[in-house]
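Written below as C-alpha cells is the structure these notes are about.
Values in this text are rule-based calculations from the coordinates and carry no lab data. This is a predicted model, so every value here is computed, not measured. Positions of Cβ are generated from backbone atoms using ideal geometry, with glycine treated the same way; all protein chains shown enter the neighbour counts.
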Amino acid sequence: MIDGVTITKLRVIPDERGRLMELLRCDESDFTRFGQAYLTTAYPGVVKGWHWHAKQFDNMAVVSGTMKIVLYDRREGSPTRGEIMEIFAGVHNPVRVHVPPGVCHGFMCVSEHEALVVNVPTEPYRYDDPDEFRIDPHGGEIPYDWRRKDR
C-alpha cells in the first residue's frame, strides 16, 4: 500500500427504485477540501495516464464499467517510493481511491464498454497554471506495463 493512499469501500444503498452510492462525505477521515467535481471516461483498452499533482489530492470513484487504476509513488523521501499499486474499481468493486500529491496515477478501461470515473479533487483546475504534470504511459519512465497480464 502506497503511503497516504486510501481505498474506501463505498456504501451502496439499493431499493426497488434503483440505488444510491455515497462517493465522498465531508465527515470522512480522508476528506481535505472541495475543489471541483468532474466526470472523465475511457473507452475499452484505452490508457489515460500517467499524471501527478504538486498540491492536489484526487478522490476517484468508477461509477460505470471497470477501470484498472494504477498508482506509482515517485515522492522523494516517501517510505513507499518506487512502489506500484493496482486497484480494479467499478461496478463489481465500488471504491473511492484517495491519491495524495506526488503520486503518479493513471487508469485503463478493462470493461467491455466505456467506463465512467467521477473525481472530486481538492483544488479547482486552473487553466492558466495547471497543477498537472504528465508522463508518457508507454515511455518506460515508470516501470509498469499496461498490457493485460494474461497474454
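Once the piece of chain linking Glu83 and Tyr125 is laid out straight, how much longer is it, given 0.36 nm per residue of separation minus the C-alpha distance between them?
12.4 nm
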Evaluate the relative contact order of region 6-134 (contact order divided by residue number), counting alpha-carbon pairs under 8 angstrom at least 6 apart; express in whole percent. 39 percent
Could you pull out every one of the aspartates and glutamates with an alpha carbon less than 14 Å from that of Lys55, ignoring same-chain neighbours closer than 8 positions? Glu123, Asp129, Asp131, Glu132
Identify the residues of region 28-52 with backbone N under 17 Å of a label point that sits 7 angstrom from the Cα of Arg134 along the Cα-to-Cβ direction, or state none. 40-43, 46-52
Spin-label model distance (nm) - Val91 vs His113, 7 Å beyond Cα toward Cβ: 0.6 nm
Rounded if a/c under 1.5, otherwise prolate or oblate - region 60-151, Cα gyration tensor axes: oblate
Check: C-alpha center region 109-151 vs C-alpha center region 9-25, spacing in Å is 26 Å
Work out, step by step, the length gained on full extension between Phe34 and Ile13: first 0.36 nm times the residue separation, then minus their alpha carbon distance; give nm to one decimal. 5.2 nm
To make sure I understand the rule: partners must be lysines, Cα under 21 Å from the Cα of Lys68, and not fewer than 8 residues away in the same chain. Which ones qualify? Lys9, Lys48, Lys149
Shape call, region 6-134: gyration tensor on alpha carbons, a/c limit 1.5: prolate
Which shape class, rounded, prolate or oblate, goes with region 1-77 when its Cα gyration tensor gives a ≥ b ≥ c as root eigenvalues, a/c under 1.5 marks rounded, and past that a/b bigger than b/c marks prolate? oblate
Rough spin-label spacing in nm, given labels placed 7 Å along Cα→Cβ, for Asp145 and Ala54: 3.5 nm
Rounded to the nearest 20 Debye, what is the dipole magnitude of the chain about its Cα centre when Lys and Arg each give +1 and Asp and Glu each give -1 at the C-beta? 300 debye
